[in-house]
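A short write-up of the structure that comes next.
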Ligand code: WTA
């Protein structure tokens, strides 16, 4: 906990869009009269038919969330067409390849042409409004074109992160019954090829066993690597684009028509298809992008996320493009060719605003300051952080070493479910405290509640809820509304429960303390402990598994697995390796277990519930305070677990 306060920088105050007075005034308005506030700000996007109803939301009963519901628009009209007149020749996307000598600039006019053609390719393949298109792509401009092409014709995209395994991809295809896929032959990250087409082929076979027949696969040629080909199903992107009609009028979309599904992990079961819709999402993504990053015309803006995550959706593609910004898309990784890559790219493209994750900051901090210092970074004005709590040491390093004390840091808290940034400093308005996401964005009403659901006032530490709806909020879990209600609105009646713990200090600043449920945050990636457990028990030698997180220097959290083997199986190092490989195959490399402890028994209550609290403590090597273990069915197992713990200090 840091007590340091950094005042608003003079450079951030200069020409700022929002100073502190404005923040306070707008915030007050936004919570006193949300209707009026959003009626005004909804106009930041263009509507084919203007809305007359602004907010129609209920956090009780069946939960219904509608914003701007009678308005009609199209997301790509706002992200592309409306910019053509003024900024047709301005660069919309700067693409920086994995190879530092390869890049590309795409103007708004070129973006228009690419998206229209691709939209026509989709149409020709029979994709219609409301159909689900799965995008399983490397970080290349075609990934953004594909998202936008779907939005152009009203198809719902489901982007699946290229690091997910065939099994994970198949699960997502089946869940939303998606029969059209856009992928690439291979991805390229840190010089290494990723077999995207091969994974897709495998996923299609798995999905077929579950009754889903994928109709077409559009394949971008990225590396030219060897791939298998199904002539009646697979199509080359470049060939289809060359044949496509150049104009495709934007489909009229109601504000509440779905825009995309994005799967994310929860505390139980399979990943959920978070559904976002058209109008409110775009208004919120665009508005937060402009004010949080203090985006000004001509700025070069870089968010290092992957489009496979929500950060890539809202802050590489939709928010920046709706604002007519220049957005940089990076194919590679922070440590290739070496740990100076980010800062080299900043200099190369004169990046003004840079947005990344604490895990990357910590890794780069560990690599030493020379990598930073060899680049001038003089274009930088603002630094952002997202995805997990940023520890004050990493914050200070980011501020002093990377930003040389002249760039404000915006530590932005939000979630896949929230669509856009929720708690964050505004650079021209907010004093900074390292490690705090500071204050709510306009229209966001955070509440801290105690375990009984009582709202806590003043400085307090509790579970973070949001009291009322905001336009960027998810609308439902795709195909499973009861799960939406159950997951987010049943713990505390009448409130959206975030799953995060949070402290509010005496200045009203919010400090996110991390998940209070069984969701892990590994290198800023969300993973359910239940997913890793189910991957482990699907191995024929495993009878039971319990997975918990533990503090990890770089990743934020590491994955600690307790594994009970089938009778007669020996827990060897080879088996450990095999289980690691198995989990990677089932989910993907992001779920690679860090520690595996073979455990003949797990601590369970008499009713059979695993006591995770105890397992967490042992994983943290902090077993002095295990609390009450007398309710365990067999308290004896605990000593054995402690004895064999894998994180002995
Ligand atoms: C965590 C990513 C602390 C949090 C946009 C949340 C953060 C989860 C921050 C959502 C932050 C995100 N400080 N924690 N600035 N940003 N988180 O859905 O636990 O991938 O619930 O969305 O990440 O992760 P998701």
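The values are calculated or read from the model by the stated rules, or taken from the named source; none is laboratory data. In this text, all values refer to a predicted model and were calculated from it rather than measured experimentally. For neighbour counting, all protein chains shown are included, and Cβ atoms are generated from backbone atoms with ideal geometry for every residue, glycine included.
Going by what's in this entry, would residue 545 be described as assigned to a strand (DSSP E or B), more than 27 Å from residue 418 (Cβ to Cβ) and either away from the ligand (no atom under 14 Å from the Cβ) or free of Cβ contacts under 8 Å to residues at least 12 places away in the same chain (or both)?
Here the answer is yes, as residue 545 does meet what is asked.
Condition first: closer than 30 Å to residue 56 by Cα, touching a strand residue (DSSP E or B) at 6+ places or on another chain (Cβ under 9 Å) and modelled with pLDDT of 95 or more. Can you find one or more residues in region 205-226 that meet it?
Scanning region 205-226 turns up no residue that is closer than 30 Å to residue 56 by Cα, touching a strand residue (DSSP E or B) at 6+ places or on another chain (Cβ under 9 Å) and modelled with pLDDT of 95 or more.
May I ask you to list the residues in region 571-612 that are exposed (fewer than 14 other Cβ atoms within 10 Å of the Cβ) and more than 25 Å from residue 164 (Cβ to Cβ)?
572, 573, 574, 600, 605, 606, 607, 608, 609
Restricting to region 192-224, give me the number of residues that are within 27 Å of the chain's Cα centre (by Cα) and in a helix (DSSP H, G or I).
Going through region 192-224 one residue at a time, the tally reaches 11.
Give the residues of region 380-419 that are near the ligand (Cβ under 9 Å from one of its atoms) and part of a loop (DSSP other than H, G, I, E, B), sorted by residue number.
Correct list: 387, 388, 389, 390, 414, 415.
Here's a check for you: in region 330-348, which residue that is surrounded by fewer than 20 Cβ atoms within 10 Å (Cβ to Cβ) and touching a residue at least 60 places away in the same chain (Cβ under 8 Å) is nearest to the ligand (Cβ to nearest atom)?
Looking at the filtered set, the residue picked out is 333.
May I ask you to say which residue of 494, 499 is at positive phi, assigned to a loop (DSSP other than H, G, I, E, B) and either surrounded by fewer than 20 Cβ atoms within 10 Å (Cβ to Cβ) or within 14 Å of the ligand (Cβ to nearest atom) (or both)?
494
Could you list, ordered by first residue, the pairs with Cβ atoms under 7 Å in which the first is in region 425-454 and under 21 Å from residue 21 (Cβ atoms) and the second is modelled with pLDDT under 95 and buried (at least 22 other Cβ atoms within 10 Å of the Cβ), at least 6 apart or interchain?
Correct list of pairs: 427/12; 428/12.
Just to be sure before I move on: is residue 315 within 13 Å of the chain's Cα centre (by Cα), within 29 Å of residue 18 (Cα to Cα) and crowded, with 24+ Cβ neighbours inside 10 Å in the structure I sent?
Yes, satisfied.
Please work out which residue is surrounded by the most Cβ atoms within 10 Å (Cβ to Cβ), limiting yourself to region 240-261 and to residues that are touching a strand residue (DSSP E or B) at 6+ places or on another chain (Cβ under 8 Å) and in a loop (DSSP other than H, G, I, E, B).
255
Does region 511-531 hold any residues that are outside any loop (DSSP other than H, G, I, E, B) and near the ligand (Cβ under 9 Å from one of its atoms), and which are they?
As a first pass, look at region 511-531 and keep what is outside any loop (DSSP other than H, G, I, E, B): 511-515, 519-522, 525-531.
Within region 511-531, 511, 512, 513, 514, 515, 519, 521, 525, 526 meet the criteria.
Which of the residues spanning region 136-151 are under 16 Å from the mean Cα position of the chain (by Cα) and in a loop (DSSP other than H, G, I, E, B)?
Within region 136-151, the subset under 16 Å from the mean Cα position of the chain (by Cα) is 136-139, 143-144, 147.
Of everything in region 136-151, those that are under 16 Å from the mean Cα position of the chain (by Cα) and in a loop (DSSP other than H, G, I, E, B) turn out to be 137, 138, 139.
Has region 45-58 got any residue that is in contact with a helix residue (DSSP H, G or I) (Cβ under 9 Å, 6 or more places away or on another chain) and under 22 Å from residue 426 (Cα atoms)?
Looking for residues that are in contact with a helix residue (DSSP H, G or I) (Cβ under 9 Å, 6 or more places away or on another chain) and under 22 Å from residue 426 (Cα atoms), one finds at least one in region 45-58, hence yes.
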